[in-house]
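K.L.:
Below is a structure I'd like to ask you about.
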Amino acid sequence: ANVEQRRAIRELPDELISQIAAGEVVERPASVVRELVDNALDAGATQVQVKLMAGGVRAVVVEDDGMGIPAEELPLALKRHATSKIRSLHELESVSTMGFRGEALAAIASVSEMAVVSRSEGAAHAHRLDARSGELSPAARARGTSVEVRELFFSTPARRKFLKTDATELAHCLESVRRHALARPDVGFSVWHEGKLVEQWRAATSEQRIKDVLGEDFFTESRTLFAENGPLRCYGRAGLPEAARSRADMQYVYVNGRFVRDKLIAHGIRSAYEDVLHGHRQPSYVLFIEIAPDRVDVNVHPTKIEVRFRDGREMHQRVRYAVQDALAQSRSAEAVAVAQ
Ligand code: ADP
Ligand code: MG
């Protein structure tokens, strides 16, 4: 019959483990952008440059002016489960950095040609580490780090086939930078494609950054949102019904600075619009939620795009009321204006 011959159990080689893990973390060039910009921000960068070739498929290069990596630690940075961000389960509970899994660089390196050039404070010069050869050589750059990722998925044609056109991949990369840029108005971002500057957001106030990234129109068609209840703070901008869109493509939710997709929060927001938005119109909003770290678990998903709240029902209500308030204030302001 159809009985396979049994094969002995073996431990997978490290490289293959990383390639398998990469399947969860690296879906497309935009995932590389997300992970590298996360790292730049964790390193305290004030300027982040993203340079792309062919929508990021040929190359994603992210340069920062952060604290850099000392030469002796460069090889460790590319190792799986190696991180400078947490040391214990206890630290995981209160983690404030974007990263903590120590997986991204290893995963990306396993499905691309990667090199890291970095110079830490006090180093006489920079060092360049070629991921494939492991070769470490002297290099020139100011303090900070450049991570170069070329030929994504060159070794995994099945993955490569799922990539869309360069224009589509570029759009996803830009969206990834936009998500970071909204959360970090204090940091300057620029994006280059094929040697041309395509986006630049200078360090600004939060309000100005929202205008720069989402446009003046969104700003004028949205209202300030703010609510504070004990350890929970929500703020941002709620789009008025006239800012609604046919697609859900202007919905940004952050939990403690991290962009997330959360059905519960999205539902809470949506329900605040139930009387004013009809049919399939999608509200636009930017919502920052700050909550005590012990009330939310960020270690749910390898990309950390999902989180779990200790009290989901309360979150749902708070968010709903916060958005309702923002919309109601705007209506009463209009009523006053009409009455005068
Ligand atoms: P994680 O971010 O979860 O720690 P990564 O694989 O993304 O894991 O990075 C591994 C380590 O390499 C980080 O913990 C950090 O110490 C170092 N690193 C990566 N990118 C940078 C960067 N741009 N600047 C400084 N250090 C970096
Ligand atoms: Mg990281």
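The values are calculated or read from the model by the stated rules, or taken from the named source; none is laboratory data. Only a predicted model underlies this, so the values are computations on that prediction, with no experimental measurement involved. Reconstructed Cβ throughout: ideal geometry from the backbone, glycine too, with neighbour counts over all protein chains shown.
K.L.:
Name the residue that is farthest from ligand 2 (Cβ to nearest atom), counting only residues in the stretch 104-119 that are touching a strand residue (DSSP E or B) at 6+ places or on another chain (Cβ under 7 Å) and not in a strand (DSSP E or B).
P.N.:
Ser112
K.L.:
Test Ala248 against the stated conditions and say whether it is within 27 Å of Glu175 (Cβ to Cβ) and free of Cβ contacts under 8 Å to residues at least 40 places away in the same chain.
P.N.:
Criteria met by Ala248.
K.L.:
Which one of these is in the same structural domain as His127 (by TED's automatic domain parsing), of a type outside the set (A, V, I, L, M) and away from ligand 1 (no atom under 11 Å from the Cβ): Glu63, Glu72?
P.N.:
None of the others qualify; the one that does is Glu72.
K.L.:
Those residues that are farther than 23 Å from Pro302 by Cα, surrounded by fewer than 21 Cβ atoms within 10 Å (Cβ to Cβ) and not β-branched (Val, Ile, Thr), I need them from the stretch 32-48; list them, please.
P.N.:
Gln47 - this is the single residue of the stretch 32-48 that is farther than 23 Å from Pro302 by Cα, surrounded by fewer than 21 Cβ atoms within 10 Å (Cβ to Cβ) and not β-branched (Val, Ile, Thr).
K.L.:
Further question: Give, as residue ranges, the helices (runs of 4 or more DSSP H) completely inside the stretch 1-89 that count at least 1 residues that are acidic (Asp, Glu).
P.N.:
Those helices (runs of 4 or more DSSP H) span 14-25, 29-42.
K.L.:
Being among the charged types (D, E, K, R), over 30 Å from Glu314 (Cβ atoms) and outside any helix (DSSP H, G or I) is the requirement here; does Glu242 meet it?
P.N.:
no
K.L.:
Just checking, how many residues over the stretch 78-103 are more than 29 Å from Asp294 (Cβ to Cβ) and either crowded, with 17+ Cβ neighbours inside 10 Å or touching a strand residue (DSSP E or B) at 6+ places or on another chain (Cβ under 7 Å) (or both)?
P.N.:
The qualifying residues number 1.
K.L.:
Something else about it: Val336 - would you say it is among the hydrophobic types (A, V, I, L, M, F, W, C) and closer than 16 Å to Phe226 by Cβ?
P.N.:
Answer is no for this residue.
K.L.:
If you don't mind, another one. Take the stretch 120-147 and flag every residue that is within 30 Å of Asn256 (Cβ to Cβ) and more than 16 Å from ligand 2 (Cβ to nearest atom).
P.N.:
Listed by number, the residues that qualify are Ser120, Glu121, Arg143.
Per-residue answers, yes or no, for (1) crowded, with 16+ Cβ neighbours inside 10 Å; (2) out of contact with any strand residue (DSSP E or B) (no Cβ under 8 Å at 6 or more places or on another chain):
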| position | (1), (2) |
| --- | --- |
| Thr156 | yes, yes |
| Cys173 | yes, no |
| Ala203 | no, no |
| Ala227 | yes, no |
| Glu242 | no, yes |
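K.L.:
Quick one: which residue in Glu242, Glu290 is within 23 Å of the chain's Cα centre (by Cα), closer than 22 Å to Ile210 by Cβ and of a type outside the set (Ser, Thr, Tyr)?
P.N.:
Glu290
K.L.:
What are the residues in the stretch 78-100 that are in contact (Cβ under 8 Å) with a residue 40 or more places away in the chain and more than 30 Å from Ala167 (Cα to Cα), if any?
P.N.:
Across the stretch 78-100, the qualifying residues are Arg80, Lys85, Leu92, Glu93, Ser94, Val95, Ser96, Thr97, Phe100.
K.L.:
Check Leu89 against each of (1) modelled with pLDDT of 95 or more; (2) over 19 Å from the mean Cα position of the chain (by Cα) and name the one condition it does not meet.
P.N.:
(1)
K.L.:
Might you let me know whether the stretch 16-25 holds any residue that is free of Cβ contacts under 8 Å to residues at least 40 places away in the same chain and under 16 Å from Thr303 (Cα atoms)?
P.N.:
Yes.
K.L.:
Test Arg101 against the stated conditions and say whether it is at negative phi, assigned to a loop (DSSP other than H, G, I, E, B) and either of a type in the set (Val, Ile, Thr) or within 16 Å of ligand 2 (Cβ to nearest atom) (or both).
P.N.:
So Arg101 fits the description; yes.
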